Amino acid sequence: MITLINLETRLRVFAEQFGKLAVRYDQTLEHSAELEAVINGYSRFVTDPDHKIAWGMLRQAELEELDPLVQALRQKSAQCVAIMEKYRALKLQDGEVQIADYFKNIEECIDKEFGSFQVTPESKVLLVGSGSFPMTPLLIAKRTGAEVVGIDIDAEAITLGRKVIEKLGAGLNIRLEQQLLEDLAYTRQATHVIFSSTVANKYDLLDQLYALTNDQVVVAMRYGNELKSLFNYPMRETDGSKWRLADNILRPHDVFDIALYQKEFK
(Lines give C-alpha, C1' and ligand atoms only; values in the text may rest on other atoms or scores of the structure.)
Protein backbone atom coordinates (compact mmCIF):
# COMPACT_ATOMS: atom_id res chain seq x y z
CA MET A 1 0.00 0.00 0.00
CA ILE A 2 1.26 3.49 -0.84
CA THR A 3 2.13 5.62 2.18
CA LEU A 4 1.64 9.39 2.34
CA ILE A 5 5.40 9.94 2.03
CA ASN A 6 5.66 7.61 -0.97
CA LEU A 7 2.60 9.21 -2.58
CA GLU A 8 3.89 12.73 -2.09
CA THR A 9 7.30 11.74 -3.47
CA ARG A 10 5.81 10.27 -6.64
CA LEU A 11 3.55 13.26 -7.16
CA ARG A 12 6.46 15.68 -6.78
CA VAL A 13 8.34 13.73 -9.44
CA PHE A 14 5.37 14.08 -11.81
CA ALA A 15 5.11 17.80 -11.02
CA GLU A 16 8.79 18.32 -11.75
CA GLN A 17 8.55 16.39 -15.03
CA PHE A 18 5.48 18.32 -16.16
CA GLY A 19 7.12 21.64 -15.28
CA LYS A 20 10.25 20.88 -17.30
CA LEU A 21 8.41 19.51 -20.32
CA ALA A 22 5.93 22.39 -20.48
CA VAL A 23 8.64 24.98 -21.03
CA ARG A 24 10.40 22.86 -23.66
CA TYR A 25 7.56 23.05 -26.20
CA ASP A 26 8.87 24.91 -29.26
CA GLN A 27 6.37 24.00 -32.03
CA THR A 28 8.52 20.98 -32.97
CA LEU A 29 8.30 17.29 -32.05
CA GLU A 30 11.65 17.17 -30.27
CA HIS A 31 10.25 16.41 -26.78
CA SER A 32 7.00 14.71 -27.78
CA ALA A 33 8.01 11.13 -26.92
CA GLU A 34 9.16 12.11 -23.43
CA LEU A 35 5.97 14.04 -22.69
CA GLU A 36 3.79 11.22 -24.02
CA ALA A 37 5.53 8.73 -21.73
CA VAL A 38 5.01 10.93 -18.68
CA ILE A 39 1.33 11.60 -19.40
CA ASN A 40 0.64 7.92 -20.12
CA GLY A 41 2.30 7.03 -16.81
CA TYR A 42 0.27 9.68 -15.02
CA SER A 43 -2.96 8.38 -16.59
CA ARG A 44 -2.19 4.88 -15.33
CA PHE A 45 -1.35 6.27 -11.90
CA VAL A 46 -4.69 8.05 -11.41
CA THR A 47 -6.75 5.09 -12.68
CA ASP A 48 -4.92 2.42 -10.65
CA PRO A 49 -7.40 0.76 -8.22
CA ASP A 50 -4.73 0.30 -5.54
CA HIS A 51 -3.84 3.97 -5.70
CA LYS A 52 -7.53 4.86 -5.36
CA ILE A 53 -7.77 2.76 -2.20
CA ALA A 54 -4.60 4.35 -0.79
CA TRP A 55 -5.94 7.84 -1.53
CA GLY A 56 -9.22 7.02 0.19
CA MET A 57 -7.37 6.01 3.34
CA LEU A 58 -5.63 9.36 3.73
CA ARG A 59 -6.76 11.42 6.72
CA GLN A 60 -8.22 14.90 6.22
CA ALA A 61 -5.05 16.50 7.62
CA GLU A 62 -2.96 14.54 5.11
CA LEU A 63 -5.20 15.62 2.22
CA GLU A 64 -4.89 19.23 3.31
CA GLU A 65 -1.12 18.85 3.41
CA LEU A 66 -1.15 17.57 -0.17
CA ASP A 67 -3.60 20.20 -1.47
CA PRO A 68 -1.04 22.76 -2.77
CA LEU A 69 0.77 19.99 -4.65
CA VAL A 70 -2.53 18.64 -6.04
CA GLN A 71 -3.55 22.08 -7.30
CA ALA A 72 -0.17 22.57 -8.94
CA LEU A 73 -0.40 19.14 -10.60
CA ARG A 74 -3.84 19.93 -12.01
CA GLN A 75 -2.57 23.10 -13.62
CA LYS A 76 0.68 21.57 -14.90
CA SER A 77 -0.90 18.36 -16.21
CA ALA A 78 -3.64 20.33 -17.99
CA GLN A 79 -0.97 22.48 -19.63
CA CYS A 80 0.95 19.38 -20.72
CA VAL A 81 -2.17 17.66 -22.08
CA ALA A 82 -2.75 20.75 -24.24
CA ILE A 83 0.85 20.50 -25.46
CA MET A 84 0.55 16.77 -26.14
CA GLU A 85 -2.49 17.49 -28.31
CA LYS A 86 -0.32 19.92 -30.26
CA TYR A 87 2.30 17.22 -30.69
CA ARG A 88 -0.34 14.80 -31.92
CA ALA A 89 -1.64 17.36 -34.41
CA LEU A 90 1.90 18.01 -35.67
CA LYS A 91 2.53 14.27 -36.00
CA LEU A 92 -0.63 13.92 -38.07
CA GLN A 93 0.67 16.56 -40.46
CA ASP A 94 3.79 14.39 -40.81
CA GLY A 95 1.63 11.35 -41.59
CA GLU A 96 1.77 9.62 -38.18
CA VAL A 97 -1.58 8.54 -36.73
CA GLN A 98 -0.56 6.36 -33.77
CA ILE A 99 -2.73 7.01 -30.69
CA ALA A 100 -1.20 7.38 -27.22
CA ASP A 101 -2.70 5.58 -24.20
CA TYR A 102 -4.13 8.85 -22.85
CA PHE A 103 -6.05 9.55 -26.05
CA LYS A 104 -7.34 5.98 -26.22
CA ASN A 105 -8.75 6.41 -22.73
CA ILE A 106 -10.45 9.68 -23.68
CA GLU A 107 -11.96 8.16 -26.81
CA GLU A 108 -13.41 5.29 -24.79
CA CYS A 109 -15.17 7.87 -22.61
CA ILE A 110 -16.85 9.69 -25.47
CA ASP A 111 -19.35 6.93 -26.26
CA LYS A 112 -20.85 7.32 -22.78
CA GLU A 113 -20.68 11.10 -22.74
CA PHE A 114 -24.39 11.89 -22.52
CA GLY A 115 -25.80 8.69 -21.03
CA SER A 116 -29.50 8.51 -21.86
CA PHE A 117 -29.46 12.01 -23.40
CA GLN A 118 -28.44 10.71 -26.79
CA VAL A 119 -26.94 12.78 -29.57
CA THR A 120 -28.85 12.44 -32.86
CA PRO A 121 -28.24 13.77 -36.38
CA GLU A 122 -30.46 16.74 -35.46
CA SER A 123 -28.40 17.64 -32.37
CA LYS A 124 -26.17 20.69 -32.11
CA VAL A 125 -23.14 19.97 -29.93
CA LEU A 126 -20.81 22.58 -28.44
CA LEU A 127 -17.44 21.62 -26.96
CA VAL A 128 -15.75 24.08 -24.61
CA GLY A 129 -11.99 23.53 -24.70
CA SER A 130 -11.66 21.72 -28.04
CA GLY A 131 -7.85 21.70 -28.05
CA SER A 132 -5.39 21.09 -30.87
CA PHE A 133 -6.56 17.56 -31.65
CA PRO A 134 -10.39 17.78 -31.52
CA MET A 135 -11.20 14.08 -31.30
CA THR A 136 -14.48 14.65 -29.46
CA PRO A 137 -15.99 16.68 -32.33
CA LEU A 138 -14.61 14.20 -34.85
CA LEU A 139 -16.00 11.12 -33.10
CA ILE A 140 -19.40 12.67 -32.36
CA ALA A 141 -19.84 13.98 -35.90
CA LYS A 142 -18.70 10.68 -37.45
CA ARG A 143 -20.91 8.48 -35.29
CA THR A 144 -24.06 10.60 -35.13
CA GLY A 145 -23.99 13.06 -38.04
CA ALA A 146 -24.63 15.91 -35.60
CA GLU A 147 -23.34 19.43 -36.09
CA VAL A 148 -20.43 20.12 -33.73
CA VAL A 149 -18.71 23.39 -32.85
CA GLY A 150 -15.57 23.55 -30.70
CA ILE A 151 -14.22 26.66 -29.02
CA ASP A 152 -10.83 27.31 -27.44
CA ILE A 153 -9.00 30.39 -26.17
CA ASP A 154 -5.67 29.16 -27.59
CA ALA A 155 -5.13 30.53 -31.11
CA GLU A 156 -2.50 27.89 -31.92
CA ALA A 157 -4.90 25.14 -30.83
CA ILE A 158 -7.57 26.45 -33.20
CA THR A 159 -5.10 26.62 -36.11
CA LEU A 160 -3.81 23.09 -35.51
CA GLY A 161 -7.30 21.76 -34.79
CA ARG A 162 -8.64 23.04 -38.09
CA LYS A 163 -5.83 21.23 -39.92
CA VAL A 164 -6.77 18.02 -38.10
CA ILE A 165 -10.43 18.48 -39.11
CA GLU A 166 -9.39 19.03 -42.74
CA LYS A 167 -7.39 15.80 -42.69
CA LEU A 168 -9.68 13.51 -40.68
CA GLY A 169 -13.10 15.12 -40.88
CA ALA A 170 -13.64 16.02 -44.51
CA GLY A 171 -17.36 16.32 -45.15
CA LEU A 172 -18.30 16.38 -41.47
CA ASN A 173 -20.29 19.28 -40.02
CA ILE A 174 -17.57 20.55 -37.67
CA ARG A 175 -16.08 23.96 -37.11
CA LEU A 176 -13.66 25.40 -34.55
CA GLU A 177 -13.76 28.98 -33.31
CA GLN A 178 -11.59 31.12 -31.04
CA GLN A 179 -14.57 32.76 -29.37
CA LEU A 180 -16.09 33.16 -25.92
CA LEU A 181 -19.41 31.51 -25.07
CA GLU A 182 -21.23 34.84 -24.89
CA ASP A 183 -19.96 35.93 -28.31
CA LEU A 184 -20.90 32.73 -30.13
CA ALA A 185 -24.39 32.70 -31.65
CA TYR A 186 -24.27 28.89 -31.71
CA THR A 187 -24.31 28.82 -27.90
CA ARG A 188 -28.03 29.67 -27.98
CA GLN A 189 -28.74 26.89 -30.49
CA ALA A 190 -26.79 24.11 -28.76
CA THR A 191 -28.72 21.06 -27.56
CA HIS A 192 -25.66 19.47 -25.93
CA VAL A 193 -22.64 21.18 -24.35
CA ILE A 194 -19.44 19.43 -23.26
CA PHE A 195 -16.85 20.97 -20.94
CA SER A 196 -13.34 19.56 -21.13
CA SER A 197 -12.07 18.28 -17.78
CA THR A 198 -9.00 20.52 -18.03
CA VAL A 199 -10.98 23.80 -18.27
CA ALA A 200 -10.19 25.37 -14.90
CA ASN A 201 -13.16 27.77 -14.74
CA LYS A 202 -15.78 25.39 -16.14
CA TYR A 203 -18.23 25.83 -13.27
CA ASP A 204 -18.06 29.62 -13.58
CA LEU A 205 -18.78 29.17 -17.28
CA LEU A 206 -21.67 26.82 -16.47
CA ASP A 207 -23.22 29.51 -14.29
CA GLN A 208 -22.82 31.98 -17.15
CA LEU A 209 -24.24 29.46 -19.61
CA TYR A 210 -27.67 29.44 -17.94
CA ALA A 211 -28.68 32.74 -19.55
CA LEU A 212 -27.07 31.93 -22.88
CA THR A 213 -28.71 28.60 -23.74
CA ASN A 214 -32.13 27.21 -24.61
CA ASP A 215 -34.30 25.48 -22.02
CA GLN A 216 -33.69 21.92 -23.30
CA VAL A 217 -29.89 22.01 -23.28
CA VAL A 218 -27.96 19.17 -21.61
CA VAL A 219 -24.49 19.92 -20.25
CA ALA A 220 -21.83 17.22 -19.86
CA MET A 221 -19.23 18.30 -17.33
CA ARG A 222 -16.08 16.19 -17.38
CA TYR A 223 -14.54 16.18 -13.92
CA GLY A 224 -12.41 14.19 -11.50
CA ASN A 225 -12.79 13.88 -7.72
CA GLU A 226 -10.52 12.26 -5.13
CA LEU A 227 -7.56 10.58 -6.88
CA LYS A 228 -8.81 11.69 -10.30
CA SER A 229 -8.63 15.30 -9.08
CA LEU A 230 -4.89 15.03 -9.65
CA PHE A 231 -5.62 15.12 -13.38
CA ASN A 232 -8.94 16.98 -13.58
CA TYR A 233 -10.71 19.92 -12.03
CA PRO A 234 -13.22 18.45 -9.54
CA MET A 235 -16.99 18.67 -9.33
CA ARG A 236 -18.43 21.74 -7.60
CA GLU A 237 -21.82 22.61 -6.19
CA THR A 238 -24.04 24.47 -8.64
CA ASP A 239 -26.63 27.17 -8.06
CA GLY A 240 -29.71 25.03 -7.36
CA SER A 241 -31.98 27.64 -8.90
CA LYS A 242 -30.17 27.29 -12.23
CA TRP A 243 -28.84 23.76 -12.73
CA ARG A 244 -29.74 20.32 -11.41
CA LEU A 245 -27.60 17.20 -11.59
CA ALA A 246 -29.50 14.91 -13.96
CA ASP A 247 -26.98 12.05 -13.93
CA ASN A 248 -23.49 11.25 -12.69
CA ILE A 249 -21.64 8.79 -14.91
CA LEU A 250 -18.78 7.18 -12.98
CA ARG A 251 -16.09 5.54 -15.10
CA PRO A 252 -13.66 3.70 -12.74
CA HIS A 253 -11.20 2.82 -15.50
CA ASP A 254 -11.29 6.19 -17.28
CA VAL A 255 -9.34 9.34 -16.45
CA PHE A 256 -12.48 11.42 -15.80
CA ASP A 257 -16.12 11.03 -14.78
CA ILE A 258 -19.08 12.89 -16.28
CA ALA A 259 -21.74 14.97 -14.54
CA LEU A 260 -24.85 15.76 -16.61
CA TYR A 261 -26.78 18.94 -15.88
CA GLN A 262 -30.16 20.24 -17.00
CA LYS A 263 -31.77 23.59 -16.32
CA GLU A 264 -33.82 24.08 -13.18
CA PHE A 265 -36.84 26.31 -13.58
CA LYS A 266 -38.24 28.52 -10.83
Could you run the Karplus curve 6.51 cos²θ - 1.76 cosθ + 1.60 with θ = phi - 60° over segment 68-73 and give me ³J(HN,Hα) per residue in whole Hz, x for Gly and Pro? x, 5, 4, 5, 5, 5
Taking alpha-carbon centroids only, segment 74-90 lies from segment 199-214 a number of Å equal to 23 Å
Taking amide H atoms as placed 1.01 Å from N in the peptide plane, list the residues 5 or more away in sequence, or in a different chain, whose amide H sits under 5 Å from that of residue 147. 123, 125
Over segment 178-226, volume per residue of the alpha carbon convex hull, in Å³: 83 Å³
Picking from 21, 33, 119, whose Cα lies most toward the positive end of the charge dipole for the chain (charges on Cβ: Lys, Arg +1; Asp, Glu -1)? 119
For segment 120-266, state the average projected area of the convex hull of the C-alpha atoms over all orientations, rounded to one decimal in nm². 8.7 nm²
With a ≥ b ≥ c from the Cα gyration tensor eigenvalues, square-rooted, and the rule rounded for a/c under 1.5, otherwise prolate when a/b > b/c and oblate otherwise, the chain is oblate
From DSSP H assignment alone, runs of 4+ in the chain each adding -39500 (n - 2.57), the sum over residues rounded to the nearest 500 puts [θ] at 222 nm at -15000 deg cm²/dmol
Anyone know which of 254, 48, 94 comes out most mobile in the 10 Å Cα GNM of the chain? 94
Stokes-Einstein diffusion coefficient of segment 112-152, Kirkwood radius over Cα pairs, 10 °C, 1.306 mPa s, in µm²/s: 153 µm²/s
Sulfur and carbon atoms: percent of accessible area, segment 15-83 [1.4 Å]: 51 percent
Considering only protein heavy atoms and a 1.4 Å probe, what is the carbon-and-sulfur percentage of the accessible area of segment 119-251? 48 percent
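The values are calculated or read from the model by the stated rules, or taken from the named source; none is laboratory data. Keep in mind that this is a model prediction, so the values were computed, not measured. With ideal geometry, Cβ positions are generated from the backbone for all residues, glycine too; neighbour counts draw on all protein chains shown. Side chains included, ligands, DNA and RNA excluded: accessible areas come from the protein's heavy atoms. Shrake-Rupley method; radii C 1.70, N 1.55, O 1.52, S 1.80 Å.
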